[in-house]
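Everything on this sheet refers to the single structure shown next.
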Amino acid sequence: MNAAAFRCGTAVLAGRPNVGKSTLFNALVGQKLSIVTPKAQTTRHRIQGIVTRPGFQLALLDTPGAGAAAGSRLAHAMSREAAAALAGADAAILVVAAPRWTSADGDALARLVEARLPVVLAVNKIDRMRPRERLLPLLEDLAGRHEFAAIVPVSAEQGENLDRLVDAVVGLLPEAPAAWPEEQVTDRSERFLAAEIVREQLMIALSAELPYGIAVEIERFEETSDGRTGIDAVIWVEREGQRKIVIGTGGARLKAIGRAARLALNERLGRRVHLSTWVRVRKGWSDDPGMLRRLGHGAP
């Protein structure tokens with residue numbers, strides 16, 4: 001790459017559920033922007049993280065999976081966000097998890113090929129391969145599946161080979177001036193990130209009990225007289241039974257979720273937060289155009 005040429009562009013992260021896309025996204029950006037839970041298809045919104053270093057500016061896009069109920073307006077909105085990210089990208093990072101390639105990996109690759117994007121293959125979770133010598137035959141097998149621009153074994157959790165991955169992607173970007181201020185790391189507001197952090201704690205606490213029929217809306221986000229940030233969060237569910245699950249016996253579960261979310265918000269925002277939460281029922285919110293607009297999913 002010409003040392004004098006500044007490069008700027010966008011790369012989308014793609015891959016099947018549970019390969020560590022959001023963990024890799026956060027590691028590459030250098031801070032937590034995309035929520036991470038053990039639940040597959042946690043990401044609902046397109047989230048942009050901006051990496052600016054001498055000689056380049058790289059916008060990474062973490063995109064929604066197929067987590068909503070099939071056929072719902074929410075599912076369609078998530079699919080549109082993912083498709084729009086592909087349409088506007090200069091390159092793609094296909095994330096797969098060692099030690100195997102699955103048919104779902106092949107499906108993810110096919111979508112990138114259809115979008116005519118150059119693809120860098122990130123083979124994640126190599127820290128879990130024992131012995132490490134097993135990695136070489138895996139990489140040889142993967143090299144025969146597509147003409148990848150590069151194949152980079154990485155560990156998002158351990159930070160292994162991340163600079164090498166970035167270099168491979170930057171080489172695919174066009175020569176162009178920086179598109180964002182050097183200090184900007186995302187296009188998302190603190191209000192948006194607050195809603196995502198509350199939803200993250202809900203998904204961690206509830207796991208299989210309430211997989212996708214839940215959403216978070218921030219009704220208030222403002223500085224308070226005691227110097228803290230006051231946040232009022234509404235947790236939307238679709239049935240009364242779900243409301244009872246979230247609240248728990250004597251409100252214990254909701255209190256625990258709120259406490260965990262407040263601590264995470266203190267760390268993410270770098271200041272003390274006063275968080276209040278309510279649980280409300282809205283039947284069929286995931287199929288309600290007005291609710292989806294309020295939750296940031298655009299026009300269904």
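One table, with the values for the structure above:
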quantity: Single residue of 183, 157 found to be outside any strand (DSSP E or B), at negative phi and not assigned by TED's automatic domain parsing to the domain that holds residue 11; calculated: 183
quantity: Which listed residue, of 256, 252, 215, 264, is out of contact with any strand residue (DSSP E or B) (no Cβ under 8 Å at 6 or more places or on another chain), in contact (Cβ under 8 Å) with a residue 60 or more places away in the chain and either over 18 Å from residue 189 (Cβ atoms) or not hydroxyl-bearing (Ser, Thr, Tyr) (or both); calculated: 264
quantity: Options 58, 28; residue that is part of a strand (DSSP E or B), touching a helix residue (DSSP H, G or I) at 6+ places or on another chain (Cβ under 9 Å) and either at pLDDT 90 or above or farther than 20 Å from residue 9 by Cα (or both); calculated: 58
quantity: Boolean, residue 122 is touching a residue at least 40 places away in the same chain (Cβ under 8 Å) and outside the structural domain of residue 17 (by TED's automatic domain parsing); calculated: no
quantity: Test: residue in the stretch 214-233 that is of a type in the set (Lys, Arg), over 23 Å from the mean Cα position of the chain (by Cα) and closer than 23 Å to residue 34 by Cβ; calculated: no
quantity: The one condition in (1) more than 25 Å from residue 163 (Cβ to Cβ); (2) in contact with a Lys or Arg (Cβ under 6 Å, 6 or more places away or on another chain) that residue 116 fails to fulfil; calculated: (2)
quantity: Among the candidates 281, 246, 198, residue that is among the β-branched types (Val, Ile, Thr), surrounded by fewer than 19 Cβ atoms within 10 Å (Cβ to Cβ), on the phi < 0 side of the Ramachandran plot and touching a residue at least 40 places away in the same chain (Cβ under 8 Å); calculated: 281
quantity: Among the candidates 156, 150, 168, 143, residue that is farther than 20 Å from residue 20 by Cα, of a type in the set (A, V, I, L, M) and either surrounded by 19 or more Cβ atoms within 10 Å (Cβ to Cβ) or at pLDDT 95 or above (or both); calculated: 143
quantity: Residue within the stretch 185-195 that is within 21 Å of residue 33 (Cα to Cα) and in contact with an Asp or Glu (Cβ under 7 Å, 6 or more places away or on another chain) present; calculated: yes
quantity: Condition met for residue 183 (more than 20 Å from the chain's Cα centre (by Cα) and within 30 Å of residue 237 (Cβ to Cβ)); calculated: no
quantity: Flag for residue 99 being surrounded by 21 or more Cβ atoms within 10 Å (Cβ to Cβ) and assigned to a loop (DSSP other than H, G, I, E, B); calculated: no
quantity: Unmet criterion (only one of (1) among the hydrophobic types (A, V, I, L, M, F, W, C); (2) under 18 Å from the mean Cα position of the chain (by Cα); (3) surrounded by 22 or more Cβ atoms within 10 Å (Cβ to Cβ); (4) assigned to a helix (DSSP H, G or I)) for residue 84; calculated: (3)
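The values are calculated or read from the model by the stated rules, or taken from the named source; none is laboratory data. Bear in mind that the values here come from a model prediction, so they are computed numbers and not experimental data. No Cβ is skipped: glycine too gets one built from the backbone with ideal geometry, and neighbour counts run over all protein chains shown.
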